[in-house]
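S.K.: Handing you this structure, nothing more for now.
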Amino acid sequence: MKTIANVFHQLERWLEPVIEGIIRLCGISAIIFVFGIFFFVFREGMGFFFGGLDIVEFLTSPDWYPTSLNNKRYGVLALIAGTFSVTALAMVIAVPFGLGAAIFVSEFCGPKLKETLKIVIELLAAIPSVVWGFIGLTVMNALIIELFTVPIGLTMLNGGIILALMSVPIIVSIGEDALKAVPDSYREAAEALGATRWQVIYRVLLPTAKNGLLAAVLLGVGRAVGETMAVLMTTGHAVKIPTSPFDSVRTLTATIAAELGEAAVGSDHYRVLFIIGVLLFSITFIVNFVTDLVIKGIREKA
Amino acid sequence: MPTDTVPSSTSPDSPEIIEPKLMFTATEQSRKKQLTENIARCIFFVMTLLMILPLVLIVVYLFVKAAPILSPEFFFMNPEKGMRAGGIWAPLLGTIYIVIISLLVSAPVGVLAAVYLNEYARESWFTRIINLAVVNLAGVPSIVHALFGVGAFVYFARMGRSVLAASLTLAIMTLPVIIASTKEALGAVPMAFREACWNTGATRWQTIRGIVLPNSISGILTGVILQVSRAAGETAPIMFTGAVFFKAISEGDVLAYGLFDRFMALSMHLYQLSTQVPGVPDALEYGTAIVLLGTVLMVNALAIVLRVYLRSRKRW
Amino acid sequence: MAKISNSTKKIEIADLTVRYDGVEALKGISFDIYENEILGIIGPAQSGKTTLLKTINRTIELEPNAQVSGSVKIDGTDVKSIKNVNQLRRRIGMVFPLPVGLPLSIYDNVAFAPRTAGIRKRSELDELVERCLQQAALWDEVKDRLKSLGTKLSGGQQQRLTIARALSHQPEILCLDEFSIAIDPVTTMRIEDILKELRSQITIILVTNLIQQARRLAGRTAFIFENELIEINNNDIIFSDSPANRLTYDYVNGNFG
């Protein structure tokens, strides 16, 4: 037994450079994977990107007829509009509630309640998107039909509400971090000057923490743009530029999820879905990059 | 408001009692201030309540609707009659498979990546790029991960649509979860411990092995648990990399799937039941949903309990 | 410069300059340390004493913004030329101002360094742990609870544990950096007694903010002020009415610093 331990120990000493090499390799794995994702997704779409796809039409036409027999058209404008309308609606709901809840958690509640709320927020963030989709499909659908007396409840509104519920936890937890970073002395100084709680929040906290709160909102946007299953199940399947919250829409993510299974491997249709993937990757990359810059801005000021 | 009285004079020459005076009186202004504060508290509380209410409502609602079907047979029977009857054995086992296999890949890679970032990397542009890549990896939409899985594992690596391809896709997707929580756990070990070890001639790795990892293992475990919950719930990344509409396996056999088999998964099953199959009994759908949600929430609760427990037994 | 008879040079420091981001923490310092002496190093805070110790065991290399020029030789070998830095660090015991008990059992705290050096035999480790704890005057207090956590000991006990750990890799040189700053006077006196006993076996560098401590323990004392070596001399000269440098007299007698 002891000799085995000894041999193992000797082995470990010899292997130490190897172990360190592996650690370094794992360290850069994130870079490898990010590039790998871009490379492999682009690689599948490349054939059509360089051979036949009209980029201008792709980005500006609302006509998405990938399976039409004699007039195939690949315009994603309606899908982009779908993605951004649902995201915007979700943010209109989620930002005030998310920031409001962040302010409550950080400024108004005692330590016990705070702990509890943070746990609930964590659990809320953990609910799988397919479960959210299921809720939208069953509960929310019926609710919208009932409340607004519309014929169909699988709409932009449904998707927006579900996405809002999904993004709120991330906005609350990042927003609460940002508010926590405001030094207590600021609050005390403002209160000593006779400011009301409202004024402290409005004049002191929000301006000081604005970068962190912006980062929180951006992360929420990133999550909403990239969400797939929930919007696939809740927004209906109409490819059109929406004019009201009660229109059915189709997002970029939902299109890939709905059509990849049917598209013949190697066909233009199959390849264009990967190009949409590249587009999505680029959008979220930019959102994340901006968020990172915003957060970095906070750190440098601090 | 404090209502202390001014102490009466102690001088024997002036025995008369001084009127007790209030130090502060509630002025119109301070009353107003109190009121606005209460209003603010109420408004923000309502906002918070509206945010957490869905969680409670959803769990209760799903549970009530699913109650009629929840029995041991539900867990140990394959779906039957075109998914309109039976249980969730095949999808349940599939989910367990992909969770375990993706964990076997992402846990070591993620932990070691965090070790690199926290213990080896110095502040530099390169480190910044790695951190940016981790953030980005976390932000890549799950459907793009699915496309990557199709391009890289299913076709390029010729794994086909299989347990392995889906697990690897999930592993890469959940990597940032483990990296982030491990980094936090490692960062909580005071620098003085490392310096003390280096001063006795321990190498970096010996220090990590001997002091840093043993004292952050619980934080790392929390991250691993969160990874499990994330992997169990994801649908998009496995849709095109191996999960299928239906696959019968032998009931009760835990080794029913092979690495290169196609499989059913709970999340995918819920999606199919609710969108692709007409006439599914409500209880079946809700039962699947509550099992998936319950699993994820319980795993998360486990992580929370672990964290609270650890905070209570600090070793320094 | 005074020389102790019958002694060989253990450490030779020549023209040592250390900069942090270009700001000098040590300016061209040169002096020798002899085998089996206790050398006191005194001087106000921020004068570069800790930096000096870090250059000896090369932990200075872990500071990303430090640049070192000049040389530190141990037994005639420049430390920079030593390939295995961990071997070098094992030859030097370090004790810093704040006690650091590792979050391991008391036994493992002391056995940590021998294990990393490759000693695995239980009996050998047992003996080593007991000897080091004895030397650090901690054995009697902890011998019945070697399995309990080192971090749960009192501050004074932890500092002695730190000393036991510094001795556990059987160093030739022991560096103490203001070891008494966080512990009570009684414990300080006990550790001072230990140091006096250890003097016969190893070379001790005692950086201290207590002038009297250097006077009590050291044979020679160096005075570092504003990152420069002002004077190094036998204690009877440093603490006399006429040390070589007027500044030394003023510092030792509390006229400044």
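S.K.: I'd like the full set of residues that are touching a residue at least 24 places away in the same chain (Cβ under 8 Å), more than 22 Å from C:Ile202 (Cα to Cα) and more than 9 Å from chain B (Cβ to nearest Cβ), limited to segment C:104-127.
M.R.: The answer is C:Ser105, C:Ile106, C:Tyr107.
S.K.: Then there is this: Please determine, by comparing only the residues of segment A:59-72 that are in contact with a helix residue (DSSP H, G or I) (Cβ under 9 Å, 6 or more places away or on another chain) and closer than 19 Å to A:Gly266 by Cβ, which one is modelled with the lowest pLDDT.
M.R.: A:Thr67
S.K.: Report, by residue number, each residue of segment C:177-225 that is within 22 Å of C:Asn255 (Cα to Cα), in contact with a Ser or Thr (Cβ under 8 Å, 6 or more places away or on another chain) and either surrounded by 19 or more Cβ atoms within 10 Å (Cβ to Cβ) or free of Cβ contacts under 8 Å to residues at least 40 places away in the same chain (or both).
M.R.: Hits for segment C:177-225 are C:Glu178, C:Val207, C:Thr208, C:Leu210, C:Gln213, C:Ala214, C:Phe223, C:Ile224, C:Phe225.
S.K.: Scanning segment B:105-125 for residues that are surrounded by fewer than 20 Cβ atoms within 10 Å (Cβ to Cβ) and without any contact (Cβ under 8 Å) to a residue 24 or more places away in the chain, which turns out farthest from the other protein chains (Cβ to nearest Cβ)?
M.R.: Residue satisfying both the conditions and the ranking: B:Trp125.
S.K.: Based on what the data block shows, is C:Ile33 under 29 Å from C:Arg160 (Cβ atoms), of a type in the set (Val, Ile, Thr) and within 20 Å of the chain's Cα centre (by Cα)?
M.R.: Yes; evaluated as a whole, the condition is true for this residue.
S.K.: In segment A:79-126, how many residues are more than 10 Å from chain B (Cβ to nearest Cβ), more than 23 Å from A:Leu154 (Cβ to Cβ) and among the hydrophobic types (A, V, I, L, M, F, W, C)?
M.R.: Matching residues across segment A:79-126 total 1.
S.K.: I'd like to check which helices (runs of 4 or more DSSP H) are fully inside segment B:23-115 and have at least 2 residues that are under 30 Å from A:Ile19 (Cβ atoms). Even if it seems obvious, please write down each step before you answer.
M.R.: Values: elements: B:28-66, B:72-76, B:89-115.
Where helices (runs of 4 or more DSSP H) fall fully within segment B:23-115 and carry at least 2 residues being under 30 Å from A:Ile19 (Cβ atoms), they are B:89-115.
S.K.: Among the candidates A:Ile295, A:Ile286, which residue alone is modelled with pLDDT of 90 or more, out of contact with any Pro (no Cβ under 7 Å at 6 or more places or on another chain) and assigned to a helix (DSSP H, G or I)?
M.R.: Result: A:Ile286 is the single residue among A:Ile295, A:Ile286 that is modelled with pLDDT of 90 or more, out of contact with any Pro (no Cβ under 7 Å at 6 or more places or on another chain) and assigned to a helix (DSSP H, G or I).
S.K.: Among (1) out of contact with any Gly (no Cβ under 8 Å at 6 or more places or on another chain); (2) more than 14 Å from chain B (Cβ to nearest Cβ), there is one condition C:Ser154 misses while meeting the rest; what is its number?
M.R.: (2)
S.K.: Taking segment C:159-176 on its own, how many of its residues are under 13 Å from the mean Cα position of the chain (by Cα), surrounded by 19 or more Cβ atoms within 10 Å (Cβ to Cβ) and assigned to a loop (DSSP other than H, G, I, E, B)?
M.R.: Final tally of qualifying residues: 1.
S.K.: Within segment A:190-230, track down each residue that is small (Gly, Ala, Ser) and under 23 Å from B:Ile39 (Cβ atoms).
M.R.: A:Ala190, A:Ala192, A:Gly194, A:Ala195, A:Ala209
S.K.: Got at least one residue in segment A:58-77 being of a type outside the set (Ser, Thr, Tyr), under 30 Å from A:Ile171 (Cα atoms) and surrounded by 15 or more Cβ atoms within 10 Å (Cβ to Cβ)? Don't jump to the end; show me each part of the working.
M.R.: The first filter runs over segment A:58-77 and keeps only residues of a type outside the set (Ser, Thr, Tyr), leaving A:58-59, A:62-64, A:66, A:69-73, A:75-77.
Adding the requirement that they be under 30 Å from A:Ile171 (Cα atoms) leaves A:76-77.
Retained after the next criterion (residues that are surrounded by 15 or more Cβ atoms within 10 Å (Cβ to Cβ)): A:76-77.
Within segment A:58-77, one or more residues are of a type outside the set (Ser, Thr, Tyr), under 30 Å from A:Ile171 (Cα atoms) and surrounded by 15 or more Cβ atoms within 10 Å (Cβ to Cβ).
S.K.: Another question, then. Is it fair to say A:Glu44 is within 14 Å of chain B (Cβ to nearest Cβ), among the acidic types (Asp, Glu) and within 30 Å of the chain's Cα centre (by Cα)? Reasoning before the result, please.
M.R.: Values: within 14 Å of chain B (Cβ to nearest Cβ): yes; among the acidic types (Asp, Glu): yes; within 30 Å of the chain's Cα centre (by Cα): yes.
Judged against the criteria, A:Glu44 is a match.
S.K.: Hey, among A:Ile161, A:Ile121, which residue is touching a Gly at 6+ places or on another chain (Cβ under 9 Å) and in contact (Cβ under 8 Å) with a residue 40 or more places away in the chain?
M.R.: Residue meeting the stated conditions: A:Ile161.
S.K.: Here's something else I'd like to know. For segment B:126-159, name all the residues that are more than 7 Å from chain A (Cβ to nearest Cβ), over 27 Å from A:Ala126 (Cβ atoms) and in contact with a helix residue (DSSP H, G or I) (Cβ under 6 Å, 6 or more places away or on another chain).
M.R.: B:Val154, B:Met159
S.K.: Now a separate question. All but one of (1) assigned to a loop (DSSP other than H, G, I, E, B); (2) in the same structural domain as C:Ile13 (by TED's automatic domain parsing) hold for C:Pro103; which doesn't?
M.R.: (2)
S.K.: Could you look through segment B:276-314, keep only residues that are over 23 Å from the mean Cα position of the chain (by Cα) and surrounded by 14 or more Cβ atoms within 10 Å (Cβ to Cβ), and pick out the one that is farthest from B:Ile238 (Cα to Cα)?
M.R.: Across segment B:276-314, the extreme among qualifying residues is B:Ala283.
S.K.: Scan (1) away from every other protein chain (no Cβ under 13 Å); (2) surrounded by fewer than 21 Cβ atoms within 10 Å (Cβ to Cβ); (3) small (Gly, Ala, Ser) for the single condition A:Gly159 breaks and write down its number.
M.R.: (2)
S.K.: Further question on the same structure: So, in segment C:8-30, how many residues would count as being within 15 Å of the chain's Cα centre (by Cα) and assigned to a loop (DSSP other than H, G, I, E, B)?
M.R.: Selection size over segment C:8-30: 0.
S.K.: Checking A:Thr235 against (1) closer than 28 Å to A:Met140 by Cβ; (2) free of Cβ contacts under 8 Å to residues at least 12 places away in the same chain; (3) of a type in the set (S, T, N, Q): exactly one of these is not met. Which one?
M.R.: Going through (1) closer than 28 Å to A:Met140 by Cβ; (2) free of Cβ contacts under 8 Å to residues at least 12 places away in the same chain; (3) of a type in the set (S, T, N, Q) one by one, A:Thr235 breaks only (2).
S.K.: Tally up the residues in segment A:245-287 that are in contact (Cβ under 8 Å) with a residue 60 or more places away in the chain, at the interface with chain B (Cβ under 10 Å from one of its Cβ atoms) and over 20 Å from A:Ile37 (Cβ atoms), please.
M.R.: Number of matching residues: 1.
S.K.: Kindly indicate which of C:Ile74, C:Ile82, C:Ile60, C:Ile33 is surrounded by fewer than 17 Cβ atoms within 10 Å (Cβ to Cβ) and within 27 Å of C:Ser168 (Cα to Cα).
M.R.: Criteria check complete, one pass: C:Ile82.
S.K.: Same structure again: State the number of residues belonging to segment C:37-96 that are assigned to a helix (DSSP H, G or I), away from chain B (no Cβ under 14 Å) and in contact with a Gly (Cβ under 9 Å, 6 or more places away or on another chain).
M.R.: 1
S.K.: May I pose another question? Go through (1) facing chain B (nearest Cβ under 10 Å); (2) more than 17 Å from B:Val154 (Cβ to Cβ) one by one and return the number of the condition A:Val290 breaks.
M.R.: (1)
S.K.: Of the numbered conditions (1) more than 8 Å from chain B (Cβ to nearest Cβ); (2) crowded, with 21+ Cβ neighbours inside 10 Å; (3) modelled with pLDDT under 90, C:Gly101 satisfies every one except a single condition; which is it?
M.R.: (1)
S.K.: For segment B:151-164, state whether one or more residues are within 20 Å of A:Phe289 (Cα to Cα) and not in a helix (DSSP H, G or I).
M.R.: Looking through segment B:151-164, none of the residues is within 20 Å of A:Phe289 (Cα to Cα) and not in a helix (DSSP H, G or I).
The values are calculated or read from the model by the stated rules, or taken from the named source; none is laboratory data. Just so it is clear, the model here is predicted, and its values are computed rather than measured. Don't worry about glycine lacking a Cβ; one is built from the backbone with ideal geometry, like all the others, and counts go over all protein chains shown.
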